[in-house]
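What follows is one structure encoded as structure tokens, with my remarks underneath.
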Amino acid sequence: MIYRKLLKVRVAGSSDKGNLRPAFTDYFTEKYSGINFVVHEYNEREGWCIVEVWCSDHPVLPPEHRKNMKHLEELAKDPNVIEEVRTHPLSPPIVGRIIVSTPNSVDEVSNEVVISGNRFKYIRKDKVRGMDVYVLDER
């Protein structure tokens, strides 16, 4: 499953210097590995931005990258997070998806792909840049 949250986060840097960013980005990759984010809005004058964070605990991911809502709750307590936001007009209905482009085998009758000896149900098959991809999860 894919989990997500919208957060109001303090900013660091400045647009004049070209380094405006959420304040947690300096340590984000190390501390919150496996969680992704996108910035929907900056308000440099007031010192905040709206950040959407998401992660997944899908078994196709390496164990060290599997995260769930508990990890997003931990991130929401970060000192640079001002508050949780309920909604934002730029937040899409689907923030991300887990896809597989080169499974070991595909069973289109049962909608399953085999990856490293494990069988996974897929939601649908799409085309990306002319290549078949199998969507395992999205939200």
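The values are calculated or read from the model by the stated rules, or taken from the named source; none is laboratory data. What you see is a predicted model, and the numbers here were worked out from it, not measured in a lab. Heads up, the Cβs are rebuilt from the backbone with ideal geometry, glycines too, and the neighbour counts pull from every protein chain shown. These area figures cover heavy atoms from the full protein model, side chains too; ligands, DNA and RNA do not enter into them. Shrake-Rupley method; radii C 1.70, N 1.55, O 1.52, S 1.80 Å.
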Those strands (runs of 3 or more DSSP E) completely within segment 83-133 that have 2 or more residues that are modelled with pLDDT under 80 are 97-100
The number of residues in segment 1-16 that are within 11 Å of the chain's Cα centre (by Cα) and of a type outside the set (A, V, I, L, M) is 3
Flagged pairs (Cβ under 7 angstrom, 6 or more apart or on separate chains; first in segment 1-28, over 17 Å from Lys77 (Cβ atoms); second of a type in the set (S, T, N, Q) and surrounded by fewer than 13 Cβ atoms within 10 Å (Cβ to Cβ)) are Gly13/Asn19; Leu20/Ser14
Restricted to segment 39-49 and to residues being out of contact with any Lys or Arg (no Cβ under 6 Å at 6 or more places or on another chain) and in contact (Cβ under 8 Å) with a residue 40 or more places away in the chain, the residue most open to solvent (accessible area, probe 1.4 Å) is Glu41
Note on segment 8-51: residues part of a strand (DSSP E or B) and out of contact with any Cys (no Cβ under 9 Å at 6 or more places or on another chain) are Ala12, Phe37, Val38, Trp48, Cys49, Ile50, Val51
By residue number, the members of segment 71-94 that are open to solvent by less than 50 Å² (accessible area, probe 1.4 Å) and free of Cβ contacts under 8 Å to residues at least 24 places away in the same chain are Pro92
Picked from segment 1-16 (must be within 27 Å of Asp57 (Cβ to Cβ) and not hydrophobic (A, V, I, L, M, F, W, C)), the residue least open to solvent (accessible area, probe 1.4 Å) is Lys5
Restricted to segment 50-70 and to residues being within 13 Å of the chain's Cα centre (by Cα) and closer than 19 Å to Val39 by Cβ, the residue most open to solvent (accessible area, probe 1.4 Å) is Trp54
Before we move on, is Asn19 among the polar types (S, T, N, Q), surrounded by fewer than 19 Cβ atoms within 10 Å (Cβ to Cβ) and more than 19 Å from the chain's Cα centre (by Cα)? yes
